[in-house]
Amino acid sequence: MNNTSIEICSDSSDYGNASHNSHIIWSICGFVFIMFGIPGNLFQILLMSNKTNRKEPTSLYWIAIAICEIIFLAGMFWLWCVSMSIIKTDPREIFSCGIFYSILIGSTILSNLYLASMSVSRARMTISPIRHRLVITRRRIFIRILSIFITVIIIMIPHHFYFYYDSKTTIFICEFYAYIDQWKIHMWPFMHAVLFVSLPSILTCISAVILLRNRYNHRKKQKNKLSESARQMERNSVVLLCISIAILFSLLPTAILEIFIVHDLLFNQRSHCTKRLKMYRILVNWFWIFSSLTYAFKFYLRLAISKAVRRDFSELIRCSLRQEQNNNAQI
């Protein structure tokens, strides 16, 4: 190790209590976020599939995002069950560590890319609405979603051969094999942080700002008298802006942490001191909490801000209650 590593390892501060506390907080908050997040994303799919919303091409994006986030939250729930000793078999041992890593990280990458693609489409719609209606169709959006999915799958395939799981040493989902070229493993966290977290979030943020500016200019021309569709678009742009900021500040630190962990494994000959391991585990626990929160409450954020989403949700609940009453009457 270098001198900095020796100083960190020889520090007398005790990370044991902090590590234990972060695990307890993750055990509580992780469970709550997952229990809210999975039903919320299921409601998202149902709302985007109704007669009104499914006519909108962008509803396909929301459905694809919800599916990706259900997969992510389901994987997190499995890890949570293992950490709580509710389930004995770790998913990384069943799927192989590389495949589970690809499922968990790949779902977040897909969600970010879909959100960015949808945001750019909405921004283009405000710039050239007539051309947008001709170019942005459900078929083209489906092809775009499928193309992004296939591209991410191809990018993630090598990770099946890079990683393995060791319950005693694994910090960040997986370990990597020693015989793999170092540059391949070292470049992936940078590519993940820049291309699949930062860039999509920044594009989403810029697109949301364009939408807000467009609505502001439109409001000035109309002397603060906006139509319902214009107000809905304004609310949607606020939702996209909030989501993009949340993703940037919750997932980017996780990707940066991965860079540091991989760097240590590559250049410190895997000889970690206990305190550094505990520090990494503390950070991983907190970043899992923030990531789960981000992917769990998108639907509830839209529900709180968007009047149209609240109307569709109320209609869905009424239909469900009516159907249940009819079934009880038949019995």
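Taking the average, over residues, of other Cβ atoms within 10 Å as the packing measure, peptides 184-191, 70-77, 311-318 rank 70-77, 184-191, 311-318 from highest down. Overall shape of region 13-128 was characterised from the C-alpha gyration tensor. The equivalent ellipsoid obtained from it has semi-axes of 34, 16, 15 Å, in decreasing order. Can you give me the % of accessible surface on region 33-91 that is carbon or sulfur? Probe 1.4 Å, all protein chains present, nothing else counted. Answer for region 33-91: carbon and sulfur cover 72 percent of the accessible area. Sorted from longest to shortest, the spans of the Cα atoms of region 84-167 along the three principal axes equal 56, 28, 17 Å.
The values are calculated or read from the model by the stated rules, or taken from the named source; none is laboratory data. As the structure is a prediction and not an experimental result, all values here were calculated from the model. Positions of Cβ are generated from backbone atoms using ideal geometry, with glycine treated the same way; all protein chains shown enter the neighbour counts. Heavy atoms of the whole protein, side chains included, go into the accessibility calculation; ligands, DNA and RNA do not. Shrake-Rupley method; radii C 1.70, N 1.55, O 1.52, S 1.80 Å.
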